[in-house]
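Rule-based calculations on the coordinates, nothing more; no lab input. This is a predicted model, so every value here is computed, not measured. Every residue, glycine among them, receives a Cβ derived from its backbone with ideal geometry; neighbour counts consider all protein chains shown.
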Amino acid sequence: MRIHNPASGATIAEIEADSSAAVRRKYLRARSAQPAWAALSLKKRLATIVAFRERVVALHETLARTLTEEVGKPIRQSRNELNGLLARLDFFLAESPRTLRQETVLAEVDKRMEERISHEPLGVIANISAWNYPYFVGGNVFVPALIAGNAVLYKPSEYATLTGIHIAQMLKDAGVPEDVFVPVIGDGLTGAALLRQSVDGVFFTGSYATGKRIAASTGRRMIKTQLELGGKDPIYVCEDVDVAAAAAGLADGAFYNNGQSCCAVERIYVAAPIHDAFVAAFVTEVKGFRIGDPLEEATYIGPLTRRAQIGVLKRQVAQAIKLGGRLLCGGKPIEGRGNWFQPTVIADAHHGMELMREESFGPVIGIQKVTGDDEAVALMNDTDYGLTAGVYARTEKRARRILERVNAGSVYWNCCDRVSPRLPWSGVKHSGIGLTLSTYGIQTFTRPKAWHLRGA
C-alpha cells in the first residue's frame, strides 16, 4: 500500500499490507502471549507505559513530523497532540492502580462472609483506530488495555500507518512483548480480516456506517464492542456573551485540524439580537487563518487527509447555497496538488440543508439565527448524533438549564472541542456506544468478577 502526502499528493512510503493469513497468524501470536502478560504484576505493566512515555518525549519532533507528512495536520497541531498524549498517559499511570485493585464490598465477621470484586482482562482485543488523532484515540484504547493485562491487535488507519508503526516500535522498545501489542497493517479489507478473528473485544473509532456493520457482526458473537463514531456537534450562542471572544473561540473549535475532529463545532445557532455582529466577527477570524505548507510553523489550515472528502464538502456547500444559504467566504477546493479546500462559512443555514444535518468533517460551517433558548434546544437535538454540544452564555445557571435538555455525551459552557482524560468520552444515538477515558475508561477493558467467600 502507498502512503501519500495529502499536501502534495506525493508518495512518501510503500508498506506491505497484511493478508488474511498474516492477520490470522498475528491473532494466534497475541492469543498465545496474553496470559503471560496478564500474569505480570500491575507494577511491571505500568513500568512499560512509563518507558513508552519517555520515548514519546525523546522522539517528539520525529513523531510530529511523521504525523504531519502522512495526515496533513499542521506541525504545531501535531506537537499539541503529542503533548496532550503525555497528560493522558500520566492520568492512566496515576489512576490505574486504584481503579483496577480488588475491592471488598462486604465483610460480615459474624457470618464469616466476604464479597469482593476483581477486574479481569478481557483477553485479546482488536483496536481499529482513526487517522485524525491517532495518538489520542489510539492511546485512549491501547494504553489502558495493556495496563489491564490485555493483548492488543492494533490496526491504525491506512492514512496514519507510519504513525501506527512508530507506536508499535516505541511500545516494543519500552518492554511490551511484540506479541502483546501487534500492529495490523492495511485498509478496510485488512480490518475485515481482523474482525473475523475470535477476539474478546472490538474497539473502533470511525464512521457511523462502518460502526453499524461492526456492531451487526460482533453482536452475533456476544463480545465487548465499543464504537466511537461521528458527531454533528452544535453550539448555541446566547445574546449576553462577549461577541468577539465567542467568535474567536468557536472559529478555532470549528476549523482546528481543518475541522477533521469528532468533536469539532459543526453547526452554530446564534441568538437574533447579536447574530449579525457575531457572524461578522466570526468571518473575520476565519479569513485570518493561515493556509499553507503544514510543516511551516505559522500554518493553521492544512490539507484534508482524505481526498474523497472534497466531494462531500462541495456537495454540502452547493446544496446549502441552492437552498438559500449565504456564502460568506470560501466554498470551493483550492487549486493545485494535494487535498485542499477553502475555509467556508455559510449564513442563513437551516435544517433543510445537509450542511446542518450530516457530518462535514472538513473546514465548512453553517450558522443559523434563532429566536431564543427553546428554539435553540430543539434544533440542537434535531439530529441523529449526540457526541458533544455547547452553550456560550454569561451565567452558568442559564447554560446548565439549557444543557440539561440537550442529548449529548459531553457538554460545554463557554468552551468547545475539548476532551479531558478525567471525564468519560461517550456519545448517544449514532455517535456510538461505550466509552473511553476517565476511570470508567480503564475498567472498560476488564470484566468484573464477583467473589462470594464464606469462611470455614
Kindly work out what percent of the DSSP beta bridges joining two residues of segment 57-213 are antiparallel, to the nearest 5. 30
D90 versus M1: modelled label distance in nm, points set 7 Å from Cα along the beta carbon direction: 3.4
Which order results if M170, M380, M222, M1 are arranged by neighbouring Cβ count within 10 Å, fewest first? M222, M1, M170, M380
Separation of the A10 and A22 label points, Cα + 7 Å toward Cβ, nm: 2.6
Between helix 20-39 and the chain: long-axis angle, C-alpha atoms, 0 to 90°, nearest 10: 60
With the contact rule set at Cα under 8 Å and sequence spacing of 6 or more, what percent relative contact order holds for segment 234-393? 32
Quick one: work out the % antiparallel among DSSP beta bridges in the chain, nearest 5. 40
Leaving out same-chain residues fewer than 8 places away, which lysines sit with a Cα under 27 Å from that of K212? K26, K155, K224, K232, K314, K429
So in segment 234-420, what percent of DSSP beta bridges are antiparallel if you round to the nearest 5? 15
Residues of segment 391-430 with backbone nitrogen within less than 12 Å of a virtual label 7 Å along the Cα-to-Cβ line of N80, please, listed as ranges. 416-419
Can you tell me the 0 to 90 degree angle between the C-alpha axis of helix 308-322 and the longest principal axis of the chain, rounded to 10? 40
How high is the FRET efficiency between V105 and K332 when r is their beta carbon distance and R₀ equals 60 Å, given to the nearest 0.05? 0.45
Amide proton proximity set for C329, modelled H, under 5 Å, gap of 5+: V345
How big is the convex hull of the Cα atoms of the chain, per residue, in Å³? 153
